[in-house]
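J.: My questions all concern the structure below.
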Amino acid sequence: MANKGRPGAIRKKKKGPTTGTGGHGRKALEGKGPTPKAEDRVYHKAYRAKQLSERSAAKRQAPAQRTASRGRRSSDEVVTGRNSVVEALRAGVPAKALHVAVRIEVDDRVKESLKLAAERGIPVMESHKPELDRMTDDAVHQGLVLQVPPYEYADALELAEETMAKWTKGYIRNAPLLVALDGVTDPRNLGAIIRSVSAFSGHGVVVPERRAAGMTASAWKTSAGAAVRVPVARAANLNTALKAYKDLGIFVLGLDGGGDVSLPGLQLATEPVCIVVGSEGKGLSRLVRENCDQIVSIPIDSDMESLNASMAVGISLYEVSRQRAAQ
């Protein structure tokens, strides 16, 4: 009787290797490569932690990127709000365009703004609210935005050289009279100083490039239109500019409460002078003080009181003007 083997067993003939089977073995030995890092495996908690960290970093960088892109698009300043816009237009602040919201609710301020813009030839542009929000960084604009172009500063040394040349040739009657600001950061003080320089026949104002007030819309408004007549120059380094002024024959006078010369006794008033004023809190910086030919003080009645920069400059310019008129 034939042996049929165990029930259900399948007997196969042993077969040797055939052509083409060797590659399968090599692939099996190679495997799938190194194990991925935990943070690269989507099912691992380290992967989710990495994603959250990257999103947080992107959010932190977004404001800086938006600011940089805005700076690339335009360096213009904007005046926002109905009161501010109409006051800027009344003061003659230079403007590139007046942006008015579509379907704006018109009141007296809007009417006057449109009238002033038309009289000065300022383009009026209708803009939708999202565009006005973008222009103003989401500031309260009330549907009215005035676009102010960047101020074109004169060069500090060129201003002094040109003024000295005009005086030497007799093109201007008064000796050069300049005012330099050391650490004055309030644009309203700058505007008030420009107004005083204009009132007392000064020839220009000098501001440092850094850590100083610039010709913003606030400075324009405070100057009450005088900024049209008085040039404002920028100096890359104020101390370097003051040294150059002295080489040109301009006397540098610093204003400070502890000065060695009292303003009424100022003997250099009729000479070419540059009056330097510091901030109300810190006064003149050490290096600027060292570069001054004289430190001049304004006598006041109380030791507890002090004058802000624009007031000190106004009083000093009056005294210089008075002495020059009496010459």
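J.: Name the single residue that is nearest to ARG324 (Cα to Cα) among those in the range 167-185 being in a loop (DSSP other than H, G, I, E, B) and of a type in the set (D, E, K, R).
T.: Ranking the candidates gives ARG173 first.
J.: So which residues in the range 274-289 are aliphatic (A, V, I, L, M) and assigned to a strand (DSSP E or B), if there are any at all?
T.: Those that are aliphatic (A, V, I, L, M) and assigned to a strand (DSSP E or B): ILE275, VAL276, VAL277.
J.: Quick one: is GLU161 surrounded by fewer than 18 Cβ atoms within 10 Å (Cβ to Cβ), modelled with pLDDT under 90, more than 20 Å from SER285 (Cβ to Cβ) and not aliphatic (A, V, I, L, M)?
T.: Spelling it out, it is not the case that GLU161 is surrounded by fewer than 18 Cβ atoms within 10 Å (Cβ to Cβ), modelled with pLDDT under 90, more than 20 Å from SER285 (Cβ to Cβ) and not aliphatic (A, V, I, L, M).
J.: Right, something else. Look at VAL206 and say whether it is more than 21 Å from the chain's Cα centre (by Cα), within 18 Å of ALA309 (Cα to Cα), touching a residue at least 40 places away in the same chain (Cβ under 8 Å) and buried (at least 24 other Cβ atoms within 10 Å of the Cβ).
T.: No; evaluated as a whole, the condition is false for this residue.
J.: Scan ALA312, ALA233, ALA244, ALA224 and give me the residue that is buried (at least 20 other Cβ atoms within 10 Å of the Cβ) and either assigned by TED's automatic domain parsing to the domain that holds ILE193 or charged (D, E, K, R) (or both).
T.: From the options ALA312, ALA233, ALA244, ALA224, the qualifying one is ALA312.
J.: Just give me the residues in the range 168-199 being aliphatic (A, V, I, L, M), crowded, with 24+ Cβ neighbours inside 10 Å and within 15 Å of SER223 (Cα to Cα), in sequence order.
T.: Across the range 168-199, the qualifying residues are VAL179, LEU190, ILE193, ILE194, VAL197.
J.: So which of ARG211, ARG234, ARG188 ends up being in a loop (DSSP other than H, G, I, E, B), farther than 19 Å from GLU319 by Cβ and not hydrophobic (A, V, I, L, M, F, W, C)?
T.: ARG211
J.: If you don't mind, there's one more thing I want to ask. Which of (1) out of contact with any helix residue (DSSP H, G or I) (no Cβ under 6 Å at 6 or more places or on another chain); (2) at pLDDT 90 or above; (3) crowded, with 21+ Cβ neighbours inside 10 Å is the odd one out, the single condition MET215 does not satisfy?
T.: (2)
J.: I'd like to verify a number: residues in the range 115-134 that are out of contact with any strand residue (DSSP E or B) (no Cβ under 6 Å at 6 or more places or on another chain) and crowded, with 18+ Cβ neighbours inside 10 Å, how many?
T.: Number of matching residues: 1.
J.: In addition: Report, by residue number, each residue of the range 290-324 that is within 14 Å of LYS246 (Cβ to Cβ) and in a helix (DSSP H, G or I).
T.: If the condition is that a residue be within 14 Å of LYS246 (Cβ to Cβ) and in a helix (DSSP H, G or I), then GLU290 is the only one that fits.
J.: Same structure again: If you take the residues in the range 252-281 that are more than 31 Å from the chain's Cα centre (by Cα) and either at pLDDT 95 or above or of a type in the set (Asp, Glu) (or both), which one is surrounded by the fewest Cβ atoms within 10 Å (Cβ to Cβ)?
T.: That would be ASP260.
J.: Moving to a separate point now. With outside the structural domain of LEU255 (by TED's automatic domain parsing), within 22 Å of the chain's Cα centre (by Cα) and not in a helix (DSSP H, G or I) as the only criterion, which of VAL100, VAL140 stands out?
T.: Matching residue, one of VAL100, VAL140: VAL140.
The values are calculated or read from the model by the stated rules, or taken from the named source; none is laboratory data. No experiment lies behind these values; they were computed from the predicted model shown. Note that each Cβ is placed from the backbone with ideal geometry, even for glycine, and that neighbours are counted across all protein chains shown.
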